[in-house]
Structures are given as structure tokens and as C-alpha cells.
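Beneath this line is the structure, given in C-alpha cells, with notes to follow.
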Amino acid sequence: MRALIIDTTWERAVLVLIDGDKRYSYVSDTGARRHSPTVLAEADRLFTEAGLKPADLDAVGAVVGPGSFTGIRIGVATANAMAKAVGAAIVEITELEAMLEGETEALALIDCKHDNYYALKRAGGKDEYFSANIADIDEPELKKVFFEGAITDKLVSAFIRKYTAGEFVEEARPFYIKKSSAEA
């Protein structure tokens, strides 16, 4: 399988090019937040390093959220355009599900400022997404997993699991747990 995973949901842009068992990755500097001009340039660099071209892709993975409103849109639009241009399948992944890859019972938490968190509760065979104030999260029986930046290994694992299961979408769509400040 040959695939490119694109994650521009947070301060660091993450790109992972998969060529069978080989992985080529790019993680931007902390706080860069200049994803638009770098994503395609870095993807091109990864293709060159791997000796591949976009037409070789079987799939494109899009991390669809939660995260920065603009960042999500940059990654989703880039993933959709690339997949459509080369006829590759599209796999959606959320940052939270990647954080819980391999976990059967846990709570993933991403700080969205002011003691508020985006959360994914995985328990009893079900996944539940929500936003909450940290004081309102009372799940002492669940392991808590906090977002600490680029998680390329788990992202790749989540992508491969979904790709192998045939979890494709026609078009990746941004995933927002709560309305943006402008919408509220």
C-alpha cells in the first residue's frame, strides 16, 4: 500500500508517506502554523525521497479534526484534492481516535484552552466525542491520554486499521466537536 497522511489540525503539520513497510515523515516546527505554503512542498519532498509520485498513491488519509478551524480546512482540502487528482481512496481519521489507537477503554483529551477539552471517551465498545470543562470530567476508572503533539506512529496505525477495514469516504469533511467562537 502507498498512502499519504495529512494532519494540519494543530500547530505542527504532520505528513507521513507510506510505501509498504517504509515510512517517510515530516513534522513542522512547534508553533509554525504556516501549513498552507508548506504542505504541498513537504509532500513533494517526501515523494522525491521515496522515489514515488502522487499518481502512485492508493489512498490519502485526512486528519479531519478536532483542532484549528483553518488548519483542519487546509488539510482536508489538500487531502481531497490530491485523492481526486490521482484517483486514490480517502480515509478520515480524528486526532482523538489516533490518540486512543490500541486502547479499548480510555479517555483522550486535547486542551482547547481556558480549561476546556475536546474529548473522546472509549468504553463499553463505544466511542463518544464531546467537549467539556476539565472539572466536569469525572472518569476515574478510565486511563486519561492527553495530547502532546505529533503522534505519527499512532496516526499511521489508525490509518492502516481503517484502510484495511475499507473505511473509505467519497470526500473528507471537517470534524468539529463544538462551534467556533465566530459561530457561537
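Only the coordinates and a few stated rules stand behind these numbers; no lab work does. It should be emphasised that the depicted structure is a prediction, and the values quoted were computed from it without experimental measurement. Using ideal geometry, Cβ is built from the backbone for each residue, glycine included, and neighbour counts are taken over all protein chains shown.
Each principal axis of the Cα cloud of the stretch 69-118 was taken in turn, and the coordinate range along them, longest first, works out to 40, 28, 7 Å. Bridge orientation summary for the chain: considering DSSP beta bridges with both residues in this region, about 70 percent are antiparallel. Which pairs break 26 Å Cα to Cα here: Lys113/Lys154; Lys22/Lys113; Lys84/Lys121; Lys22/Lys162; Lys84/Lys178? The pairs that break the limit, which is 26 Å between Cα atoms, are Lys22/Lys113; Lys84/Lys121; Lys84/Lys178.
Restricting the calculation to Cα atoms, the stretch 24-94 shows an Rg/Rh of 0.95 when the hydrodynamic-style radius is the Kirkwood one.
Averaging 1/r over every pair of different alpha carbons in the stretch 86-175 and inverting the result gives a Kirkwood radius of 14.1 Å.
Quick note on the chain: its Rg to Rh ratio, both from C-alpha atoms and Rh being the Kirkwood radius, is 0.97. Residues Phe147, Phe69 in ascending order of nearby Cβ atoms (within 10 Å, fewest first): Phe69, Phe147. Only Cα pairs within less than 10 Å get springs; with that Gaussian network setup on the chain, which residue of Ala150, Ala41, Ala135 has the largest fluctuation? Among Ala150, Ala41, Ala135, the largest mean-square fluctuation in the Gaussian network model of the chain belongs to Ala135. Largest mean-square fluctuation among Leu100, Leu15, Leu40, in a Gaussian network model of the chain whose springs join Cα atoms under 10 Å apart, belongs to Leu40.
Would you mind pulling out the separation of the Cα centroids of the stretch 44-71 and the stretch 88-150, in Å? Using only Cα atoms to place each centre, the spacing works out to 24 Å. Compared with the dominant principal axis of the Cα atoms in the chain, helix 69-86 is inclined by about 30°.
Residues considered: Pro66, Pro174, Pro140. Largest GNM mean-square fluctuation over the chain, using C-alpha springs under 10 Å, is found at Pro140. What the pair-distance distribution of the stretch 1-58 shows, using all Cα-Cα distances binned every 5 Å from zero, is 4, 21, 33, 21, 13, 7, 1 percent.
So for the stretch 59-184, averaging the separation of alpha carbon pairs under 8 Å that are six or more residues apart and normalising by length, what relative contact order in percent results? Provide the component values of the computation, followed by the final result.
Details: 206 pairs, mean separation 38.9, N = 126.
Taking the mean separation of contacting Cα pairs over the length of the stretch 59-184, I get 31 percent.
Here the sum of -39500 (n - 2.57) over DSSP H runs of 4 or more residues, divided by the residues of the chain, equals -9000 deg cm²/dmol at 222 nm, to the nearest 500. Using only Cα atoms, find the angle between the long axis of helix 35-50 and the longest principal axis of the chain, and express it within 0 to 90 degrees, rounded to the nearest 10. For helix 35-50, the angle is close to 50 degrees. Debye-formula intensities of the stretch 89-139, expressed as log10 I(q)/I(0) at q = 0.17, 0.27 Å⁻¹, are -0.52, -1.07 (one equal scatterer per alpha-carbon, no solvent).
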